[in-house]
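Q: Structure in structure tokens, see below.
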Amino acid sequence: STGTYDYHPIAGAFPERLMTPMYARIIARERQQFDEFIRHPGQEFALVLSGRVRIEFETGEAVSIGPQETAYFNSNVGHI
């Protein structure tokens, strides 16, 4: 738990994996709850199970996805 997310790894022990699948529950409700944009090597894939998620990028772009919708992006670009 980070205060803005609760992470739970899925298949974390799979040998030679190229991605780290995980279930994440988003706790934050306001943009101001994030200290800074998150950046890390790789790519991210998100699938919303319930509710609605807005992903904002340091470029000023944003995407909003709801149940059964997905987003796939370069995680080197700052995002919250």
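All of the numbers you see were taken from the coordinates with simple rules; none came from a lab. This one's a predicted model, so the numbers in the text were calculated from it and none came from an experiment. All Cβ positions, glycine included, derive from the backbone under ideal geometry; neighbour counts span all protein chains shown.
Q: When you look at Ala24, is it out of contact with any His (no Cβ under 6 Å at 6 or more places or on another chain) and surrounded by 10 or more Cβ atoms within 10 Å (Cβ to Cβ), yes or no?
A: yes
Q: May I ask you to say which residue of Phe45, Phe37 is of a type in the set (Phe, Trp, Tyr), in contact with a strand residue (DSSP E or B) (Cβ under 9 Å, 6 or more places away or on another chain) and closer than 20 Å to Ile10 by Cα?
A: Phe45
Q: Sticking with this structure for a sec: Taking the range 50-75 as the region of interest, how many residues are surrounded by 15 or more Cβ atoms within 10 Å (Cβ to Cβ) and not aliphatic (A, V, I, L, M)?
A: Total meeting the criteria: 3.
Q: Residue by residue through the range 65-80, note down the ones that are part of a loop (DSSP other than H, G, I, E, B) and touching a residue at least 24 places away in the same chain (Cβ under 8 Å).
A: Matches in the range 65-80: Ser75, Asn76, Val77, Gly78, Ile80.
Q: Within the bounds of the range 8-21, is there any residue that is closer than 20 Å to Thr70 by Cα, of a type in the set (Phe, Trp, Tyr) and surrounded by 10 or more Cβ atoms within 10 Å (Cβ to Cβ)?
A: no
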